[in-house]
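Worksheet for the structure shown next.
The values are calculated or read from the model by the stated rules, or taken from the named source; none is laboratory data. Since the structure is predicted, the reported quantities are computational estimates derived from the model, not experimental observations. Neighbour counts run over all protein chains shown; Cβ positions are idealised from the backbone, glycine included. Quick note on the areas: whole protein, heavy atoms, side chains included, nothing else; ligands and nucleic acids left out. Shrake-Rupley method; radii C 1.70, N 1.55, O 1.52, S 1.80 Å.
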Amino acid sequence: MRKVRVILHRLRSLLRRSQAEAELNRELDLHIEQLTKEHVAAGMAGPEARLAAQREFGSLEMTKELCRDMRRVNFVGDLVKDLAYSFRLFTRSPGFTLTAVLSLALGIGANTAIFSLVDAVLLRMLPVHEAQQLVEVSRDGGGTLSYPMYEMIRDRNQVFSGVLLTSAGRFGAGVRFGSADLGDFHLSPVSAEYFTVLGVFPVVGRMLTQEDLGAANTTVISYELWQRAFAANPSVLGKALLVGNRMYTVIGVAPAGFTGLAPGQPVDLWVPVTFIDRQSLQNPGAMMFRVVARRKPDVTEEQARANMQLLARQWSAEWKFDGPMQVEVTPASDGLNQLRRRFSRPLLVLMAVVALLLLIAAANVANLLLARASARQREMGVRLSLGASRSRLIRQLLTESLVLGGAGGALGLLVAPRAAAFLVRFLSSAVGTIQFSLGLDARVLAFTLVASIAVVLLFGLAPAIAATRLDLSPTFRGGAFLSGSRQRRTGPGRLLMIAQVAISCVLLAGAVLFGRSLETLTNLDAGFRPENVLLLHVNTAPGGTSGIERVRLYQRVLERLARVPGVRSAAFSSESLFSGNTWTEAVSAPGVEPRASEDREAVLLSISSGFFRTMGTPLVRGRDFDLRDNETTPRVAIVNEAMARYYFGGTDAIGRTFHVEHRRFPQPLTVVGVVADAKYNSLRETAPRIVYLPCLQNPLGEANIAVRTAANPEKMADLLWKEARGESPLLRLGGVTTQARLVDGTVAQDRMLAQLSGFIGLTAAVLVCLGLYGLTAYEVSRRTGEIGLRIALGAQRRAVMRLILGRSMILVGSGVALGIVAAVGLARLVQSLLFGVRSSDPATLLLTAGMLLAVGLAASYWPARRAAMLDPIASLRHE
């Protein structure tokens with residue numbers, strides 16, 4: 001009960017503060033009155049007795065503070081007072097406040113933006129049942145599997161409680177409901193066990209089952225599509241949707257928040273896997289699917305991996321693959337995350353970069369607070385002399401820092417979503433349109449709170465300690481401090497300045513390295529000219545045409561496009577360069593015996609005549625395809641130089657034969673031409689061996705029409721598609737892009753690193769400039785008397801400038817030296833992200849050092865010039 005009474009008393013003193021203060025005053029008055037009576041009884045007069053009682057009792061205010069502290073709730077009132085005082089103080093210095101808050105907002109906002117993207121791409125788990133039990137089964141390096149492989153895994157494994165299959169990517173299609181055009185959506189063909197394995201249950205209706213695979217005309221739609229197109233009406237069940245050219249009946253609605261297995265790439269409709277043609281589903285070599293399984297509760301990943309390796313040996317023997325196939329079992333709790341594989345390292349590098357930027361911002365604010373603390377020495381001295389403890393003053397100064405950190409964090413939260421959306425646009429340029437929910441959820445808010453508190457402790461603690469570590473005797477003398485005292489007081493600021501320059505040096509060096517790497521990539525000869533090339537991905541309606549007839553239709557489309565003004569040439573191919581789609585087969589040639597460990601794969605590309613002219617790839621020897629290369633003539637091919645070198649060595653490849661080890665190529669192919677090497681999927685990769693096949697001998701289903709134009713190709717897209725559609729109503733447009741955009745997409749990671757690190761590096765340099773300017777100006781103001789005395793004694797103004805500039809440049813030089821050493825060490829960690837430039841590149845280091853030295857010289861010039869222009873009489877009077 002005593003503890004309860006104590007707690008109630010403390011709460012009453014907090015909630016009824018005025019009443020508690022009145023009771024405290026009455027109690028203390030009673031004590032003094034009692035002492036007064038004792039002195040009167042001893043023979044003192046009334047007034048003398050009162051004074052003696054007060055002297056004996058001690059400081060009344062200090063006693064009150066001790067009593068308040070004993071309540072253990074006094075800190076709440078002190079915090080409120082400190083906050084109010086901090087706000088008043090900062091409103092009187094708007095320049096200081098704005099500089100500090102903006103510096104912190106920039107650092108905290110950048111960190112929050114990067115973290116929100118890292119959280120979405122790398123940290124979030126799928127919104128499914130026990131996502132930590134999900135694993136992906138793939139070929140070595142994350143390669144896709146075929147449908148027969150999935151069936152074998154599903155039926156013969158001993159380690160999974162369920163196995164699902166989904167397409168490797170999304171399919172785009174227009175969706176119509178009756179006469180209403182609902183727009184373009186994404187669909188994914190999946191196995192019947194898809195939703196069951198994930199533990200996802202419908203909001204309305206049911207999920208796919210094995211019976212749906214036979215009919216292949218049912219679909220489950222996403223919650224977002226249900227809301228947007230059908231206003232969340234349950235009567236959507238049984239409705240027929242025209243998806244592309246096929247009719248599907250809606251049988252269920254997925255739960256809110258579930259958008260598929262690929263974060264950032266939502267799926268709107270799930271259809272049975274029999275959406276894919278039967279031939280591809282039956283082909284063990286058609287590697288076009290992703291397989292995800294749920295581990296049994298008592299099975300480890302190592303056990304699952306061992307079981308899958310056993311199955312891989314079985315299907316390699318059963319289907320007679322070249323050599324044993326390596327299978328990986330990797331965690332899939334975050335989904336089939338293409339972005340994670342591609343951008344995890346760049347995002348972590350950017351996270352480290354913005355963390356360094358936050359350190360610079362914190363150091364900058366700490367320097368500002370150190371200068372402000374020097375100006376408040378008399379205030380601190382008065383407080384200490386009146387009995388305030390150092391801990392109480394440090395608490396007040398940390399509260400002021402908390403106000404700055406809180407304001408900076410709040411402003412950073414406003415900036416972060418826009419910055420994160422800007423980063424998403426970078427990723428979209430590489431992997432297509434992606435969608436993330438980058439709102440301020442609990443995790444992001446918690447990160448921002450932790451970052452703000454950490455920054456407050458970083459920039460607030462040292463100035464608070466320095467401000468309260470005072471010698472009170474010189475504080476009240478009114479004269480200048482000793483030179484040694486000045487040096488001690490400016491020492492922490494100088495050390496912080498060196499640290500700022502060093503960190504800025506690391507950031508600038510990284511920015512220059514990434515910038516030079518991007519420049520090397522963009523100036524690289526890809527083996528073709530991507531500029532002014534429009535790409536139209538087209539196909540035909542089901543049942544319209546097939547085989548040779550479809551190819552001849554595409555050829556007629558080319559003839560129409562070639563007559564359009566502004567079109568220089570046109571051609572089509574089975575795949576577009578840099579599209580990410582690759583058809584590879586093993587190739588053999590008479591007299592060539594590759595070693596067992598060597599890769600015999602070559603890229604196969606079916607093309608029309610004029611493809612090399614349209615793409616700007618030089619024909620080195622031989623001829624291009626023409627009308628003689630049709631379905632009735634012997635099979636021919638054009639190879640690139642890499643293919644010719646590997647299989648035919650130094651001999652002329654023209655007229656030589658080779659064999660593609662696939663049932664579609666029962667006869668050997670004769671080489672009729674050799675073209676220059678061209679990059680295929682990435683500028684970073686070496687040109688692969690490529691076999692170009694005539695389209696009439698190797699009919700294709702979908703075509704990628706490349707049109708080289710004289711002007712901006714995107715402005716001609718509508719005109720060219722209208723012209724192509726005029727040839728046949730059976731044509732369907734699958735997508736429009738440009739070859740330059742596809743190439744740019746492969747360097748999106750490099751461009752993101754170069755541009756963002758460049759922006760952050762320049763921002764760091766600006767912060768260093770502001771910090772050095774403030775520190776130099778503060779030192780000049782502190783040494784006004786000394787400088788005036790030097791000038792009065794005959795010192796040249798140039799010498800004064802050299803003195804001030806020299807001291808500043810010593811700081812910059814020390815920071816640059818430390819930064820260069822750190823940059824060389826840290827740059828090795830990002831060497832794999834660079835292309836064509838070494839991490840210890842001397843030119844980069846020299847350029848970085850030169851930039852920072854120039855920034856330092858510019859920042860300290862104006863304070864040094866003001867110092868040299870001082871009037872010695874006025875400065876000595878002031879001192």
Unique match (being within 28 Å of V450 (Cβ to Cβ) and modelled with pLDDT under 70) among V101, V76, V6, V80: V76
Residues within the range 208-258 that are polar (S, T, N, Q), closer than 22 Å to L198 by Cβ and in contact (Cβ under 8 Å) with a residue 40 or more places away in the chain, tallied: 3
Subset tally (residues that are open to solvent by 20 Å² or more (accessible area, probe 1.4 Å) and either under 12 Å from V243 (Cα atoms) or part of a strand (DSSP E or B) (or both)) for the range 200-225: 3
Test for F115: is it over 30 Å from the mean Cα position of the chain (by Cα) and either within 20 Å of V292 (Cα to Cα) or open to solvent by 10 Å² or more (accessible area, probe 1.4 Å) (or both): no
Hey, L241 in contact with a strand residue (DSSP E or B) (Cβ under 7 Å, 6 or more places away or on another chain), assigned to a loop (DSSP other than H, G, I, E, B) and open to solvent by less than 50 Å² (accessible area, probe 1.4 Å) or not: no
From A823, A827, A858, A849, residue being within 15 Å of A754 (Cβ to Cβ) and of a type in the set (G, A, S): A827
Condition check for S93: among the hydroxyl-bearing types (S, T, Y) and at pLDDT 75 or above: yes
Residue identified as over 33 Å from the mean Cα position of the chain (by Cα), of a type outside the set (V, I, T) and outside any helix (DSSP H, G or I) among E727, E723, E786: E727
Number of positions in the range 164-185 that are in a strand (DSSP E or B), crowded, with 17+ Cβ neighbours inside 10 Å and not hydroxyl-bearing (S, T, Y): 7
From L818, L811, residue being of a type outside the set (S, T, Y), in a helix (DSSP H, G or I) and open to solvent by 40 Å² or more (accessible area, probe 1.4 Å): L818
From the options T738, T670, residue that is among the hydroxyl-bearing types (S, T, Y), farther than 20 Å from A602 by Cβ and touching a strand residue (DSSP E or B) at 6+ places or on another chain (Cβ under 7 Å): T738
Answer from S188, S161 - the residue that is more than 30 Å from the chain's Cα centre (by Cα), hydroxyl-bearing (S, T, Y) and not in a helix (DSSP H, G or I): S161
Failed criterion for S401 (all others in (1) among the hydroxyl-bearing types (S, T, Y); (2) in contact (Cβ under 8 Å) with a residue 60 or more places away in the chain; (3) open to solvent by 10 Å² or more (accessible area, probe 1.4 Å) hold): (3)
One residue from R732, R751, R782, R741 being under 30 Å from A864 (Cβ atoms), among the charged types (D, E, K, R) and open to solvent by 20 Å² or more (accessible area, probe 1.4 Å): R782
A256, sole failed condition from (1) at pLDDT 85 or above; (2) within 30 Å of V118 (Cβ to Cβ); (3) part of a loop (DSSP other than H, G, I, E, B); (4) open to solvent by less than 60 Å² (accessible area, probe 1.4 Å): (4)
Test: V236 is over 26 Å from A131 (Cα atoms), modelled with pLDDT of 85 or more and touching a Lys or Arg at 6+ places or on another chain (Cβ under 6 Å): no
Within the range 290-308, tally of residues that are without any contact (Cβ under 8 Å) to a residue 40 or more places away in the chain and surrounded by fewer than 16 Cβ atoms within 10 Å (Cβ to Cβ): 4
Odd one out for R838, checked against (1) charged (D, E, K, R); (2) touching a residue at least 12 places away in the same chain (Cβ under 8 Å); (3) loosely packed, with under 15 Cβ neighbours inside 10 Å: (2)
Residue within the range 227-236 that is open to solvent by 60 Å² or more (accessible area, probe 1.4 Å), among the aliphatic types (A, V, I, L, M) and assigned to a strand (DSSP E or B) present: no
Residues satisfying the stated conditions in the range 687-699, i.e. in a strand (DSSP E or B) and either open to solvent by 30 Å² or more (accessible area, probe 1.4 Å) or of a type in the set (F, W, Y) (or both): Y692
Residue ID - modelled with the lowest pLDDT, chosen from residues in the range 855-878 that are more than 11 Å from L805 (Cα to Cα) and exposed (fewer than 13 other Cβ atoms within 10 Å of the Cβ): H878
From R645, R664, residue being open to solvent by 70 Å² or more (accessible area, probe 1.4 Å) and not in a loop (DSSP other than H, G, I, E, B): R645
Any hit, the range 755-775, residues being open to solvent by 10 Å² or more (accessible area, probe 1.4 Å) and touching a Lys or Arg at 6+ places or on another chain (Cβ under 8 Å): yes
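Okay, residues lined up against (1) part of a strand (DSSP E or B); (2) open to solvent by 10 Å² or more (accessible area, probe 1.4 Å); (3) among the hydrophobic types (A, V, I, L, M, F, W, C):
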| residue | (1), (2), (3) |
| --- | --- |
| D624 | no, yes, no |
| V639 | yes, no, yes |
| T651 | no, yes, no |
| I654 | no, yes, yes |
| N681 | no, yes, no |
| E685 | no, yes, no |
| G701 | no, yes, no |
| K715 | no, yes, no |
From the options S832, S839, residue that is of a type in the set (S, T, N, Q) and either in a helix (DSSP H, G or I) or under 18 Å from L496 (Cα atoms) (or both): S832
Unique match (being part of a strand (DSSP E or B) and under 35 Å from the mean Cα position of the chain (by Cα)) among V197, V271: V271
Residue match in the range 342-353 (condition: open to solvent by less than 30 Å² (accessible area, probe 1.4 Å), closer than 26 Å to T196 by Cα and either out of contact with any Ser or Thr (no Cβ under 8 Å at 6 or more places or on another chain) or at pLDDT 80 or above (or both)): no
Residue match in the range 560-568 (condition: surrounded by fewer than 22 Cβ atoms within 10 Å (Cβ to Cβ), at pLDDT 90 or above, touching a Ser or Thr at 6+ places or on another chain (Cβ under 6 Å) and of a type in the set (K, R)): no
